[in-house]
Amino acid sequence: MGRAAAAAADPDQQPGLITVESGLWVEHLSVVRATCSALHDGLRYRNLQIHVGSTLVTAVLSRAEAGERGAPYRDLTALTA
């Protein structure tokens, strides 16, 4: 079974949180069309919460790895051009 299929079968393996080192965010990733519809919802891209900080490592964490930090979890939205 492929990684994507395994993630679809196990919700804990689905993407849960994007963490970004602040320097990388400022220099390169701020062009990502992230949105924030409400303060309690946080900054999101494709329904994944994004945390930006100087001590963070840039990564995509699974829901199991992210724990409550990525909650509330939502279905991943389709990538649009």
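Quick notes on this one:
- Accessible-area composition of the chain, carbon plus sulfur, in percent [1.4 Å probe]: 57
- Rg ratio (alpha-carbon, reference 2.2 N^0.38 Å) - the chain: 1.10
- Efficiency of FRET between residue 56 and residue 9 - r from beta-carbon atoms, R0 30 angstrom, step 0.05: 0.55
- Percentage relative contact order, the chain, counting C-alpha pairs under 8 Å, at least six apart: 40
- Taking θ as phi - 60° and the Karplus parameters 6.51, -1.76 and 1.60, the scalar couplings of the stretch 34-47 work out to 7, 10, 9, 7, 7, 4, 5, 7, x, 6, 9, 9, 6, 6 Hz in sequence order, x denoting glycine and proline.
- Phi angles across the stretch 48-61 convert, under the Karplus curve 6.51 cos²θ - 1.76 cosθ + 1.60 with θ = phi - 60°, into 3J(HN,Hα) values of 9, 6, 10, 10, 10, x, 5, 9, 7, 9, 5, 6, 10, 9 Hz, Gly and Pro given as x.
- In a DSSP loop and with at most 12 other Cβ atoms within 10 Å, the trypsin sites (Lys or Arg not before Pro) in the stretch 22-80 are 33.
- The residues of the chain have, on average, 68 Å² of accessible surface per residue, using a 1.4 Å probe with all protein chains present.
- Only helices enter this figure: runs of n ≥ 4 DSSP H residues, each worth -39500 (n - 2.57), summed and divided by the residues of the chain, yield -4500 deg cm²/dmol at 222 nm to the nearest 500.
- Calculated from backbone phi, Karplus (6.51, -1.76, 1.60) coupling profile of the stretch 73-80 in Hz, x at Gly/Pro: 7, 9, 5, 5, 8, 5, 6, 10
- Close amide-amide hydrogen proximity is noted between residue 58 and 21, each under 5 Å apart and 5 or more residues distant or on a separate chain (H modeled in the peptide plane; Pro and chain starts excluded).
The values are calculated or read from the model by the stated rules, or taken from the named source; none is laboratory data. Given the structure is predicted, the values throughout are model-derived calculations rather than measurements. With ideal geometry, Cβ positions are generated from the backbone for all residues, glycine too; neighbour counts draw on all protein chains shown. Just the protein is used for accessible areas: all its heavy atoms, side chains included, with ligands, DNA and RNA removed. Shrake-Rupley method; radii C 1.70, N 1.55, O 1.52, S 1.80 Å.
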